[in-house]
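What follows is a short report on a single structure.
The values are calculated or read from the model by the stated rules, or taken from the named source; none is laboratory data. Keep in mind that what you see is a predicted model, and the values were worked out from it rather than measured. Glycine gets a Cβ as well: all are built from the backbone with ideal geometry, and neighbour counts include every protein chain shown.
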Amino acid sequence: MEIGLVIYGSLKQRSGGYLYDRKLVEGLNSLGDRVNIISLPSRTYTGNLLSNFSRELMRRLTARPFDVLLEDQLTHPSLLLPNRRLRRAGSSYPIVTLVHHLRSSEPHSRALRSAYRSVERAYLRTVDGAIYNSRVTRSEVDRALGMKLPGVVAHPGRDHLNRQVDPQAIRDRASRHLPLRLVFLGNLIPRKGLHILLESLAALPSDRWRLTVIGSLEFDRSYSASIRREVERMNGKVRLLGPLPHDRLQEHLMRSHAMVIPSSYEGFGIAYLEGMGFGLPAIATTAGGASDFVRDGENGYLIPPNDPSALVDRLASLDADRALLAQMGEQALADFNSHPTWEESVAKIRRFLVEQTERKPRF
């Protein structure tokens, strides 16, 4: 198949969404398809809306005879009018959106969420189908649109980081009388909830824990500066390492006890899954798609978002009961091993895309 993929910026960007896109492109290319990247400049939301009037964008969307056009849903503000123009021009290929999560699902003021919801709903009405990273994401789209789109849920694959641990290593690590070693993996933006984690840790005895933070500090520099100030007050108990290459990331995951990312919203939360491959119980929130694979009290904990006291309780329980920590870690590894691989998820997506090419577009 000849496939177009619309994204903002470069596939090399560090985030779970761009990892998903990269793995999808690699997988489709390996199956003999040709994926053509249509990269749009990433600007402010208002600036992205202005891209609707770009003649150059329309030229690029019509330059090749695609069998299917994929659009990362992140690019939705730029594609409201182009998608309609494609239909009016009689384009025969289906348009499929790749939804990591809706902007209107994130915590915003009521007015802003309503505005985002209106734009996203208008965009979703211009596509023929959707690929979702979680069941929760699919339900959010159905709710926003007021109807069910043809679609497929294809979870991110488990085999991004290849190194794992065995159950005995998990038990040995948990039983050592060391401070509880926690890891936060994600870019430093407010939605990821690092400030909630730091507030929770400040309520625990400082000799009972250590925290390693891995992720870019460049996405929101004002927020990162506030985090740095908090970290300085914690007397070396927290390390901000920035983004790391795979080998160093894996070393830190091997030494850690639990993955803690108290996000206010996650479409899926691939970092939790990566940690589970190293036997790390995932402490996530009930807001978003982590509930697709994190089971509260079994392979981790699901706590309400923005609830430091609930997080304090869960961290204290893992520190006090190392047998529970080991049990959860072993279950996390077992669940990780039963999770789909990238090859399986890409094959599922490709079957859906082939089905779409055999149907007439909805519009």
Considering the range 182-224, residues that are part of a loop (DSSP other than H, G, I, E, B) and of a type outside the set (A, V, I, L, M, F, W, C), and then whichever is surrounded by the fewest Cβ atoms within 10 Å (Cβ to Cβ), we arrive at Pro205
Worksheet item: Among the residues of the range 277-286, is any surrounded by fewer than 17 Cβ atoms within 10 Å (Cβ to Cβ), under 28 Å from Asp159 (Cβ atoms), in contact with a Lys or Arg (Cβ under 9 Å, 6 or more places away or on another chain) and at pLDDT 95 or above?
Response: no
Flagged pairs (Cβ under 6 angstrom, 6 or more apart or on separate chains; first in the range 72-92, without any contact (Cβ under 8 Å) to a residue 12 or more places away in the chain; second assigned to a helix (DSSP H, G or I) and of a type outside the set (Gly, Ala, Ser)) are none
Scanning the range 62-74 for residues that are aliphatic (A, V, I, L, M) and under 18 Å from Asp33 (Cβ atoms), the one modelled with the lowest pLDDT turns out to be Ala63
Would you call Asn29 surrounded by 19 or more Cβ atoms within 10 Å (Cβ to Cβ), modelled with pLDDT of 90 or more and of a type outside the set (A, V, I, L, M)? no
Residue count, the range 245-283, condition among the aliphatic types (A, V, I, L, M) and farther than 19 Å from Ile170 by Cβ, comes to 2
Exercise. Is it the case that some residue within the range 155-170 is modelled with pLDDT of 90 or more, closer than 15 Å to Leu98 by Cα, touching a strand residue (DSSP E or B) at 6+ places or on another chain (Cβ under 7 Å) and crowded, with 16+ Cβ neighbours inside 10 Å?
Worked result: no
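Quickly run through the range 348-363 and pick out the residues that are assigned to a helix (DSSP H, G or I) and either polar (S, T, N, Q) or exposed (fewer than 15 other Cβ atoms within 10 Å of the Cβ) (or both).
Matches in the range 348-363: Arg351, Val354, Glu355, Gln356, Thr357.
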Does Val152 qualify as being assigned to a loop (DSSP other than H, G, I, E, B) and either under 30 Å from Leu253 (Cβ atoms) or modelled with pLDDT of 90 or more (or both)?
no
